[in-house]
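A quick write-up on the structure given underneath.
Please treat every number below as a calculation from the coordinates, not as lab data. The model shown is predicted, which means the values in this text are computed figures rather than measured ones. With ideal geometry, Cβ positions are generated from the backbone for all residues, glycine too; neighbour counts draw on all protein chains shown.
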Amino acid sequence: MFEYLFSQYKNYPTYEIALEVSAILFGLLSVWYAKKNNILVFPTGIINTAIYTYLLWKWSLLGDMMINAYYVIMSIYGWYHWTRKKDDVEEFPISKMTLSEKKWSLFIFAATVSFVALVYTFFNKFTHWTSYVDTIVTGIFFAGMWLMARRKIENWILWIIGDIISVPMYFVKGYSFTSIQYLIFTILAVSAYLEWRKALQQKAV
């Protein structure tokens, strides 16, 4: 079983394996902090995504590479957004999407998918089914990260969908460590959604 899961790493440079494992550890920490509504989600997330931006460029997963570059930018925005307070009260607490935010989320998803499809076409990267899946996942995660930065509970629904799709995609591409990471992400995202929903319900009482 171990051989089946990790045999592809035999030919990988040691530094790439070390980077992937390091990125995974910081990624898990970031999702855990997000689950706990802790601002440390952003610095740990920036380290995770910066490493993956480089690795995904090396692996020719352009869509996911752009996701991670975008995450770095949105993490900085989210970090600022989460720290904003008015009279020592959080200015942007956990909440549900407004109609306007739903429209913006759809726009971000559609615009992202269109842009990534153009990039893949330009570089002639539509050579495997994972490229098409990567295009869709990129749109899901772009919208999810925007909602995360705005502390909207629906961000977890998008993370769950994207994480589930990413598990087989990375496994087929030969990145077992990252595939396992997304499996753990799925479990954490479900738990986080339930925890944020509980916090919303308590606030409503």
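Tabulated data for the structure shown
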{"read-out": "Residue satisfying condition, being in contact with a Gly (Cβ under 9 Å, 6 or more places away or on another chain), under 26 Å from L28 (Cβ atoms) and of a type in the set (S, T, Y), within set Y77, Y182, Y170, Y120", "value": "Y182"}
{"read-out": "Cross-chain or 6+ apart pairs with Cβ under 8 Å, segment 140-152 first and more than 18 Å from D64 (Cα to Cα), then crowded, with 23+ Cβ neighbours inside 10 Å and among the aromatic types (F, W, Y)", "value": "none"}
{"read-out": "Residues satisfying the stated conditions in segment 42-83, i.e. charged (D, E, K, R) and surrounded by 21 or more Cβ atoms within 10 Å (Cβ to Cβ)", "value": "D64"}
{"read-out": "Residues that are more than 12 Å from the chain's Cα centre (by Cα) and not basic (K, R), drawn from segment 25-40", "value": "L25, F26, L29, W32, Y33, N37, N38, I39, L40"}
{"read-out": "Selection within segment 157-183 - under 15 Å from the mean Cα position of the chain (by Cα) and within 15 Å of Y52 (Cβ to Cβ)", "value": "G162, D163, S166, M169, Y170, T178, S179, I180, Q181, Y182"}
{"read-out": "The one condition in (1) aliphatic (A, V, I, L, M); (2) out of contact with any strand residue (DSSP E or B) (no Cβ under 6 Å at 6 or more places or on another chain); (3) more than 18 Å from Y52 (Cβ to Cβ) that M97 fails to fulfil", "value": "(2)"}
{"read-out": "Residue ID - farthest from T135 (Cα to Cα), chosen from residues in segment 156-191 that are small (G, A, S) and part of a helix (DSSP H, G or I)", "value": "S191"}
{"read-out": "Residues located in segment 185-205, provided they are surrounded by fewer than 16 Cβ atoms within 10 Å (Cβ to Cβ) and under 29 Å from E16 (Cα atoms)", "value": "I187"}
